[in-house]
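Please read the structure below before turning to the comments.
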Amino acid sequence: MAAVAPIRLANRHVTLEPLQPVHAGPLERAAADGDLWNLWFTSVPAPGRVEAYIASALRGQDEGRMSPWVVRENVSGDIVGTTRFYDIVDDPRRMAIGYTWYARRWQRSHVNTACKHLLLSHAFTGLDAVAVEFHTDAYNQDSQRAIEKLGAKREGILRAHKRRPDGSLRDTVCYSILATEWPDVDQWLQLRLDRLAPPAA
């Protein structure tokens, strides 16, 4: 399997920096904004578990299955969360975007749209992906709404698909965007960013 090389991605709103062990402290502070680990249907690491979370992501990167980033909001300069490619497949070239979470103060802001625009652009124009997938817990209604706002199409539900951090089985809602759909999605996301993003200083 051809690994996706770690690469810095940036636009005027956010910067995605390849995940490193040095990011443990900033990510722990981001997760503490809203006690995000208490959301049982997400994979946000609890206090004291961020280093292990990073190590697991980097193992996935070494094995060619993942490409993880931290998210830096450009105006504040703060690391506000994390995201990654995962389930990377060579032929046909496709991947999923997930393991995404942000500090509470940045949720429902311009940050998610800016991150997804960067990742989708990299997948389709930099990596020649034919499709990008999104997976989320059937109970995570906020995540489903956010994915649908990107322009992704709902594919269906995989029942009893994965285990949550607490060991319970989750149903996974699946979405995708095809390379042929990317030009329209690209335009739509840029329009959304013009409306969501704070004015430039």
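Descriptive notes on the structure:
- Nitroxide proxy distance, nm - points 7 Å out along Cα→Cβ at Ala160 and Arg145: 3.1 nm
- Cα-centred dipole magnitude for the chain, charges only on beta-carbon of K, R (+1) and D, E (-1), debye, nearest 20: 360 debye
- Listed peptides 105-112, 22-29 by packing density, highest first (mean Cβ within 10 Å): 105-112, 22-29
- Neighbour-count ranking [beta-carbon atoms within 10 angstrom, fewest first] of Thr42, Thr83: Thr42, Thr83
- D by Stokes-Einstein for the chain, Kirkwood Rh over Cα pairs, 25 °C, 0.890 mPa s: 143 µm²/s.
- Residue-averaged [θ]222 nm for the chain, counting only DSSP H segments that reach four residues, each worth -39500 (n - 2.57): -9000 deg cm²/dmol
- Alpha-carbon centroids, the range 146-179 and the range 1-66: separation in whole Å: 20 Å
- GNM flexibility winner over the chain from Gly77, Gly151, Gly60 (Cα, springs under 10 Å): Gly77
- Per-residue Cβ neighbour counts within 10 Å put Asp142, Asp91 in the sequence Asp91, Asp142, beginning with the fewest.
No value in this document is a laboratory result; all are computed from the given coordinates. Values in this document were obtained by computation on a predicted structure and should not be read as measured data. Backbone-built Cβ (ideal geometry, glycine too); neighbour counts: all protein chains shown.
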